[in-house]
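Reviewing the structure listed below.
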Amino acid sequence: MVARNKSTPIPIVNTMNREYRLIAFGVLAVVIIIALPQLGGTGLPRQLSDLFVFISIATMWNLLSGYAGMVSVGQQGWIGLGSYATIVIADDLGASLFVSVFLAGIFTALVSIPTSWVVFRLRAGYFAIGTWVVAEVFQLLVSSSTGWLGGGAGRSLASIRGFVRSTSPETFALTTYYVAAAIAVLSIIVVYSLMRSRVGLGLTAIRDSESGAASLGVNTTRLKLIAYVVAAGMTGIAGGIIAVMSINVRPDAAFSVQWTAFMIFITVIGGIGSIEGPIIGAVLFYFIRNQLSSYGEWSFIVLGVIAVVMMLVAPRGIWGLIQQRTHFEIFPIRRLMPRRLLMENTPSTGEAP
Amino acid sequence: MDLGIDRIINMLVQGVLLGGLYVLYGTGLSLIFGVMRLVNLAHGDFIVLSAYISLILAGFGVNPLISIVIVVPVMFVLGLPLQRFVLNRTLGKGIMPPLLITFGLSVIIQNALQLGFSADTQGLDAGALETASITITPSLSIGLMPLLTFVIAIAVLIGLQVFFRRTRLGRAFRATSDDPEAAEMMGINSRHVYALAMGLSLAIVAIAGILLGVRTNFAPALGPARLLLAFETVIIGGLGSIWGTLAGGIILGLAQTIGAQINPAYFQLSGHLVTLLVLVFRPTGLFAVTRDK
C-alpha cells in the first residue's frame, strides 16, 4: 500500500488534462454531422438518422447495463411508448412535431417511475425478463386501444403532413436528421455528465457489487432509479424520432424486442461499459446491417453468432481491445491518480499501480 | 354474458389444466436458476425448437407423443455441450455474459427455425387422442390432452422431488446450489453438475415443447412469449420451490382463462398483471425457497 501524506489528500478525479481530446472529438463530431448531408443525395439524411438512433438507444442501454449493471431486455417498451406518446402529443394535443419528440421522453421517464417499483423487486436475470414483461404489457395495452391508438394496425403521425406542407420534404428530412443527431449527442452528454459525477461513481460501484456499494453508504436504490429513469426518458425520445422517421407506428414493430437486440449487439460489439463502445458499435452495426440486409434470417444468425463469440472472447468489445493496447480514450471518465502524485507515491520497488 | 355455474367450473378446470403446461415451462427455467443462478433467455426458444424436432420426426411417421422418447434425450445431450463449452466459460464473470449469450442464442434459434421451416405456423398431430375428451356432466367435458399434460407435469415434479431428495446426484445438485466451493471440496465437479443441470432442464423443455405443439399451433417467433410464461410461473410460485412452481402455473393458467372470459384480448394481459401484482405485494413469490444471492 502507498502511504498517503495527510496534508495533501489525493483527488479522485483529475481528468482536466485529458479533456482536450474530448473537445477535439466534439468539434470533429459537429463538423461531420453538419458536413455529411452535403455529401450525398436526398436519401442520405434519412439513412444517417438511423445511425443516430442506434447511437442513442445503445448509449442508453449501456448506461443501464454496462454502467449500472441492470441488464434490460425491455427497452423496446420505452421506444414503443415514446413513439405513441409523440403521436398523441403532436396530433391530439397539438404540440409542434419535434417538440413532441422530446415531450414524449418526459412522458416515458414519468411512466418508468411506477414501473421501477415492480422491476426493482427482481435481480439480475429475472430483472431482465421482468423488464420484458413490462414492455409486453405496454404493447398489449396499446394494441387493445383499437379506436384511439388504432389497435394492431397502428396509427400514423399525421402532423408530419402538416410539417411537410408548410416547409418541404427536403426540410423535413434534414430537420429529422439534425434532431436525430442532437438526440444522439444529448444521450452521450447525459451519460458522460452522469459518469463524471458522484452518481456515476456510485453506479459503477453497484455494478461491481451491489451489497458492497450499499455497505459503503451508496444509496443504491436512488442511483439505480436515476439510471433507470434517465434511460427510459432518453430511449423514449429516441422512440419519438423513430415515429417521425417511420410515419406509421404499429405496436408489433414499435414494441419489437428486436430494438433491444440491436442495442445489445451494438454495445457488445463496440464495448460494454464505455462511452466510446456504443458509438463504434453503432457505426459498425449500421454498415453490417446495410451489407447483410438482403440475406434475411442469415443476417440475424450472423449478428447473433458475432455477439456470442465476442462475449466469450473479448467481453469488453472492440473498444476494450483498443484500450488494452493503446490506453487511448476520448471520454475521460475513469478515475486516475494525477501523475504528479503517482510519482511521489510510487514505492521504490517501482511497481506501477 | 351467461355465467352459469357449469360455465364457471368449466373455465376453472380449463385454467388449471392450462397451468400444467406452464408448470413444464417454468420447471426447466427454475431448475438451472436454482442450481447455478443462471437465467436462460433462450429457454422459450428451446421449447419451440423441441416442437420442431418432433415435427421433423412426424415427417417419418412418428406420433408426437411417441417422439418424446427421442426428443427428450436429444435435448438433454444438446444441453451438455451448451453448458460445458459455452455457458460454463462465463461463470463467475458477473451476470452479464450468460444473459447476453443466451439472448444471442435466442436470436440465433429463432432465425434458424425461420430459415428451415419458414415463419408459417405448424402443428403436431397426435391423432385421435388430441380431440378425445372425458364427459363429466353434459356441460363439462375435459380434454384428454390437457389432462394428460397436467398429469405429466405433476409426474415431472414428483420425479424431480425424488431425484433431489433421494439420489446421490440429486444431493450433488443441492450441494452445488448451496455452495459450489464447499461441494468441490467434497469431490463434486461443479462444472459437470452444471452441464447435467442444463441437460435436465432441456429434457423437461422437450416434453413441454411437444405438448405445446400438440395443443396449439407454433411458429419460430413464439419462443420469447414461452420464456415470459415460464418466468411468470416461477415468479408467482416463488424461486426454487418445486411445488410453488405448480401453484404458479395453475394461478397463471387461471388468470389467463378468467381474463379471456372477460375479453378475449385480455388473455395474455391478465397473466402479466397477476405476475406484476405478485411482484409488488409478495416479491419473493408465494412459496419461495431459493435465496437469490
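Treating the Cα atoms of segment B:51-170 as identical point scatterers in vacuum, please give the log10 of the normalised Debye intensity I(q)/I(0) at q = 0.12, 0.19 Å⁻¹, two decimals.
-0.73, -1.24
What angle, in degrees between 0 and 90 and rounded to the nearest 10, separates the Cα long axis of helix B:43-59 from the longest principal axis of the Cα atoms of chain B?
Helix B:43-59 sits at roughly 70 degrees to that axis.
Please give the direction-averaged projected area of the C-alpha convex hull for segment A:231-306, in square nanometres with one decimal.
Numbers: hull surface 22.5 nm².
Directional mean of the projected Cα hull area for segment A:231-306 stands at 5.6 nm².
Note the buried accessible area between A and B here, summed over both chains, with a 1.4 Å probe, in Å² to the nearest 100.
Result for this pair: about 3600 Å² buried.
Compute log10 of I(q)/I(0) for the protein assembly as shown with the Debye formula, placing one identical point scatterer on every Cα and leaving out solvent, at q = 0.06, 0.07 Å⁻¹, to two decimals.
Log10 of I(q)/I(0), two decimals: -0.36, -0.49.
Label points 7 Å out from Cα along the Cβ direction at A:Ser144 and A:Ile189: separation in nm?
So the two model labels end up 4.0 nm from each other.
Show me B:235-248, B:116-129, A:293-306 ranked by packing, highest mean number of other Cβ atoms within 10 Å first. Intermediate results must be reported in sequence, preceding the final value.
Details: B:235-248: 24.3, B:116-129: 14.3, A:293-306: 15.9.
Most protected by this proxy first, the peptides run B:235-248, A:293-306, B:116-129.
For segment B:45-116, with every protein chain kept in place, what is the accessible area per residue (1.4 Å probe, Å²)?
40
Taking only the C-alpha atoms, wrap a convex hull around segment A:16-341 and report its volume per residue in Å³ as a whole number.
Dividing the Cα hull volume of segment A:16-341 by its residue count gives 146 Å³.
List the residues of segment B:190-234 for which accessible area in the full set of protein chains is at least 20 Å² lower than for the chain on its own; 1.4 Å probe, protein heavy atoms only.
B:Pro224, B:Leu227, B:Leu228, B:Phe231
What is the sum of charges, Lys and Arg at +1 and Asp and Glu at -1, for the other residues whose Cβ falls under 12 Å from the Cβ of B:Gly44? Each step should come with its number before you reach the end.
Details: positive: B:Arg226; negative: B:Asp45, B:Glu232.
Neighbour charge sum, excluding B:Gly44 itself: -1.
Suppose we compare each residue of segment B:65-112 in its chain alone and in the full protein complex with a 1.4 Å probe; which ones drop by at least 30 Å² of accessible area?
B:Arg89, B:Ile95, B:Met96, B:Leu99, B:Leu100, B:Ile101, B:Phe103, B:Val107, B:Ile108, B:Asn111
Taking only DSSP H segments of four or more residues, each worth -39500 (n - 2.57), what value at 222 nm results for chain A once the sum is divided by all its residues, to the nearest 500 deg cm²/dmol?
After summing the helix terms and dividing by the residues of chain A, the value is -22500 deg cm²/dmol.
Express in Å², to the nearest 10, the accessible area of B:Lys93 obtained by rolling a 1.4 Å probe over the protein heavy atoms while all chains stay in place.
130
Quick check on chain B: helices-only [θ] at 222 nm, where DSSP H runs of length 4 and up contribute -39,500 (n - 2.57) each and the sum goes over total residues. Nearest 500, please.
It comes out at -24000 deg cm²/dmol, rounded to the nearest 500.
Leaving out ligands and nucleic acids, and using a 1.4 Å probe, what accessible area per residue does segment A:16-341 come to in Å²?
41
Quick one: divide the alpha-carbon radius of gyration of chain B by 2.2 N^0.38 Å and tell me what you get.
Cα Rg divided by the expected 2.2 N^0.38 Å: 1.00.
Skipping prolines and chain starts, which residues have an amide H placed within reach, meaning under 5 Å, of the one on A:Val249, given they are 5 or more residues away or on another chain?
The answer is A:Arg155, A:Ser156, A:Leu157.
Measure nothing fancy, just the Cα-based angle from helix A:258-270's long axis to the longest principal axis of chain A, in degrees from 0 to 90, nearest 10.
Helix A:258-270 sits at roughly 30 degrees to that axis.
On the protein heavy atoms, probe 1.4 angstrom, tell me the percent of accessible surface of chain B carried by carbon and sulfur.
Of all accessible area on chain B, carbon and sulfur atoms account for 66 percent.
What residues of segment A:302-320 lose no less than 40 Å² of accessible area with every protein chain in place versus their chain by itself (probe 1.4 Å, heavy atoms only)?
Residues losing area: A:Val308, A:Met311, A:Leu312.
For helix A:297-313, what angle does its Cα long axis make with the longest principal axis of chain A, in degrees from 0 to 90 and rounded to 10?
10
Report in % the part of the accessible area of chain A that belongs to carbon and sulfur, leaving out ligands and nucleic acids; probe 1.4 Å.
Carbon plus sulfur share of accessible area: 66 percent.
The values are calculated or read from the model by the stated rules, or taken from the named source; none is laboratory data. All of these numbers come straight from a predicted model, not from anything done at the bench. For neighbour counting, all protein chains shown are included, and Cβ atoms are generated from backbone atoms with ideal geometry for every residue, glycine included. Keep in mind that these areas ignore ligands, DNA and RNA; they rest on the heavy atoms of the full protein, side chains included. Shrake-Rupley method; radii C 1.70, N 1.55, O 1.52, S 1.80 Å.
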